[in-house]
1. Please identify the DSSP H helices in the chain that span no less than 27 Å along the helix axis (Cα) and have a mean Kyte-Doolittle hydropathy of -1.0 or more.
2. Between the range 120-160 and the range 1-67, what's the alpha-carbon centroid distance in Å?
3. Could you give the nm distance between label points at residue 351 and residue 89, where each point is 7 Å from its Cα heading toward the beta carbon?
4. Taking other Cβ within 10 Å of each residue's Cβ, how do 96, 136, 129 sort, fewest first?
5. Helix-only mean residue ellipticity at 222 nm, the chain, DSSP H runs n ≥ 4 weighted -39,500 (n - 2.57), per residue, nearest 500. What is it?
6. Remind me, relative contact order of the chain in percent, using alpha carbon pairs under 8 angstrom and six or more residues apart?
7. If I compute volume of the Cα convex hull per residue in Å³ from the structure I just sent, which labelled value in [x] 151; [y] 220; [z] 243 lines up?
8. Give the distance, in whole Å, between the Cα centre of the range 375-405 and the Cα centre of the range 319-334.
Amino acid sequence: MGLIAATQFLYPSFLFEIFDFSVARMVHINALVVWMLYAMIGSVYYLLPEETGIETVGIKLGKLAFYILTAAVTVVVLVYILVQVGPAEESTIWLINEGREYIEAPRWADIGIVVVVLVFVFNLFATAIKGEQTGIVTVLMADVLALAGLYLAGMFFTDNISMDQYWWWWVIHLWVEATWEVFVGCLAAYGLIKMIGARREVVEMWLWIEVSMLFGSGILGLGHHYFWIGTPEYWWEIGALFSALEPVPLVAMFVHVIYDWGGKETGTNEVKGVAEEKMMNNSPAFAWFVTNAFGNFLGAGIWGGFFHTLPQVNIYTHGTQFTSAHGHLAFFGAYATILIGMMYIGVQGNNGIKKMKATFDSKMAISLITIGVMGMTVSLTVAGYGQVLVERAQMGATWEAYFVSQDFVWFVQGLGWRLATGVVTFIGFVFLVKDLLTTAKSPRHVR
């Protein structure tokens, strides 16, 4: 979907009135959210027995919820593609498309998503209450309540556009930049303990610091979406200050753990008082976790959280390809990387691999995907700069300025490079899928 939408930016007649850009973009963004939600829930189900010391409670109910969600997602996507739009009636909101950007799912699907998440919440709480409650599980218990609750903010409608946007951002921003960031922190803590034997007290200490900073900075960082929708001007300073702080504790946790790993407390096995070589039992997963630490800080913190959320800058960059550049790098750096790392941990655990080593496919996957996403980010930034220069600074953000900027040479070249690097990313994705499906059979791993 991303490649189709990128092609349509350069060649607007491509699939025109058959599969329009608006539909391709909608499916592309919704697919991003859905696969990450699947991966997050699956990651928790994987770590839960190990963290609590007991088998997950309600696993059959969880499987039923998985099949229900999968069926619902399939129906919604088919409706998006085949029906696309409906009449201006309330039935369209319930059956076809809610019409609210990023959360276009029809109302019946909204209700289904909430039910599925509540099943997940029940299974997590029931297992944690019955078993051991580690710091990681305790943070997850608090976070999933917010995950389920904040989605409700996108399920009611107000006829005031400023008020509607005010609540809409509670889902779009707070789901991603508060609850998801904490989710990632929990996965990072578990993964570092699992892969390199990081000290639990270290990662859980930083996890609690992250909770306090993220629920502070993440909530107040919401202000950078309130600059131009009719809310009070005090959001300018609040949004600008707190947006850049969100990834700091995640990076600090990783750096602290690696520093300890270099010492003798973490990652060292001792036999009869003799220290053996430090162990890292999953090279592909660890590589993705390292990418997450820096990608989160760069994508969510610098390229978006600071780079263009200052109101003095955002007044020019808002709604340009700068936003798209931030979105691509932030979702990849903050979420996709660590979720792929968790997939490798799952492959290792399910196949009884003691030490998983990197294969040619895994190296090609992380290299091509990282290069591709960074290439898209830089290309979109160049295109956005062209928009800012022509559309905003020179011509004053008029409709004419918008169309003139679409033909600006930097804009066109930037989108051309975005398409090319998107192809690179897709090739890396093919390597990734191939490796995840076949790496368990590789003779390189220690069993």
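1. 21-52, 59-82, 107-130, 360-387, 409-438
2. 19
3. Roughly 5.3 nm, to one decimal.
4. The fewest-first ordering by Cβ neighbours comes to 129, 96, 136.
5. The per-residue figure over the chain is -21500 deg cm²/dmol.
6. It comes to 13 percent, rounded to a whole number.
7. [x]
8. Cα centres, the range 375-405 to the range 319-334: 16 Å.
Bear in mind these aren't lab numbers, they're just calculated from the coordinates by the rules spelled out. Worth saying up front: this structure is predicted, and the values here are computed from it rather than measured. Counting neighbours? That spans all protein chains shown, and the Cβs are built from the backbone with ideal geometry, glycine included.
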